[in-house]
1. At what distance in nm do the modelled label points of Asp51 and Lys27 sit from each other, each positioned 7 Å from its Cα along Cα→Cβ?
2. Tell me, how many Å apart are the Cα centres for the range 117-134 and for the range 274-339?
3. Can you compute the modelled spin-label distance between Glu227 and Phe132, with each label point 7 Å from Cα toward Cβ, in nm?
4. What is the packing order of peptides 249-261, 293-305, taking the mean over residues of other C-beta atoms within 10 Å and listing the highest first?
5. When we measure straight from the Cα of Lys392, which aspartates and glutamates land under 12 angstrom away, once same-chain ones fewer than 8 places off are left out?
6. Calculate, for Phe401 and Thr373, the FRET efficiency according to 1/(1 + (r/R0)^6) with r their C-beta to C-beta distance and R0 41 Å; round to the nearest 0.05.
7. Go through the range 122-139 residue by residue and turn each phi into a ³J(HN,Hα) via Karplus (6.51, -1.76, 1.60, θ = phi - 60°); whole Hz please, and just put x for glycine and proline.
8. With every protein chain left in place, what is the accessible area per residue of the range 31-468 in square angstrom, probe 1.4 Å?
Amino acid sequence: MSYSQERASRLGHVPIVLSPAVADALKNWDIPSLADPDESEITARCVAVSDLPLERRPAPAFALAFDGSSQEVEAKAGYPSIRVGFFQIAGVYVDILRFLGAANDGLLDVRELERAQVTQTVNSVLPGSNVFVGGASGSGSLRIELERAFASSRITDFGPPFSLTDALLTIHGAPGSPASSIKLSKCPVCGSAGIGVGNFVDIEGSHCNEPLCGSPLYVTDVLRIYEEFAEDSSNVLTLTRAMNISERLLLVSYLDGFYRTSRKSLSNGLFITDGPLAVYGPIAPMKSQFSSYWEQLCAGLEREDLAPPLLVGIEKTGRFVDHAHAIREAILPGHVMMLDTPYVNRHIVNQPEDHFYGKDEFYGRRFLYRTTTGEVLVVTVPRVPGGPPYEKPSFDGASGFARQASESWESYPTLRATLESLDSLQTRLYPDAVIPVALAHSASSLPLGTGKSVLTLLAQQNLGMPQDSVSVSRFQFSRPKV
Ligand SMILES: [Zn+2]
């Protein structure tokens, strides 16, 4: 497991350039996220976790963490224009009580930890540039294979198979009650919104109702991942989008499974996703579906006098993580910092103070948490019982910006229990990480390094299959025992 090296390689393949030309240029450029704000600006926004509103709820009994990794490879050695993408996502179940029993002074009994976890992985192969399915175009091939990937990635932990497509329909419906069909805002082929009531598509697919088009439509077209497909260059971005939405839908598959079969257990769960509770690019409209699903889930549990589960996104990279490291010493251990929007605009994203940060992508709000051992976590937590996690800043006369409901601690009643749980799941083995996340990261990691040639070989074998020479979808499941 190479998690501990993660921070060292956060810049990925960007070399650290020591050229005088770069040093000169940097003298004239600003990096607001690394410029320490006044310490008072930070301390004024921090509170002790023990002073946060205390919600009456059971201590979490289990954690489910999700992570993914992806890689694009040459499908034919020596022909770099022919590409195939792989992604792998993993969900790791950790029995928290058993884990805490195994952890002693921050030292782990690895065998005991293994007994406390169950891993489930989903692997998927998607066509990249210059790989086609039947007579379809490049983006058409991606759409066909994405539909197949979602339909065939299924969990069976809660009874009948539940696929990523089922999860996608569920966030368009309600907890335990998937929508029977989804309306597409536009046809991926002709771009039309469709005639009459528009184009609806169910799990069986449909056809564009524009008479001159009639193209096949798939449920997964609602994600619009095809929009960023590059016909003749790298599709790393497309692959990342597919992986990220799959991670989030796999998490929904578990939320919904517990909701259907054991609501009390759902209340006892800590659900952790890699990255913020946000969706980017063409998938961004899905944030409304995630928000709506979450609100209905909270309301459904509330009707039975049950607390909502703990849901949190943890970021390992990005500008918020860098900023958190720049200011970490100003946050006392065991304290959490409210990142109000004017602060985010001024000190992290370099926007005007009234810029509406987070408007389009987020279904939770970011906080910085300094753990009791002094590590720093960037977490995203949803509002309960619901509501927008970010709002447009508004001036409040002479006193500056008004404090929004989305910037009030009371809007996040799960925050305290979430942070306290994450604190208890830290380990000295992995700085700035919590154990379930490190396990999910490890479980989802594609075999990099030597693995790249293995993946290339696999892609080539799939391409050479006579019965369906360009169809490259493949899934594996380990036996879940949740
Ligand atoms: Zn059409």
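1. Going by the 7 Å Cα→Cβ label model, 4.4 nm.
2. 27 Å
3. Placing both labels 7 Å along Cα→Cβ, they lie 2.6 nm apart.
4. 249-261, 293-305
5. The reachable aspartates and glutamates, counting only those whose Cα sits under 12 Å from Lys392, are Asp340, Glu353, Asp354, Asp360, Glu407.
6. The formula returns an efficiency of 0.75 here.
7. Values per residue, Gly and Pro as x: 10, 10, 9, 10, 10, x, x, 6, 6, 10, 10, 9, x, x, 6, 6, x, 5 Hz.
8. 39 Å²
The values are calculated or read from the model by the stated rules, or taken from the named source; none is laboratory data. Everything numeric here is computed off the predicted structure, so don't read it as measured data. Neighbour counts are summed over all protein chains in view; Cβ atoms, including those assigned to glycine, are modelled from backbone coordinates with ideal geometry. Side chains included, ligands, DNA and RNA excluded: accessible areas come from the protein's heavy atoms. Shrake-Rupley method; radii C 1.70, N 1.55, O 1.52, S 1.80 Å.
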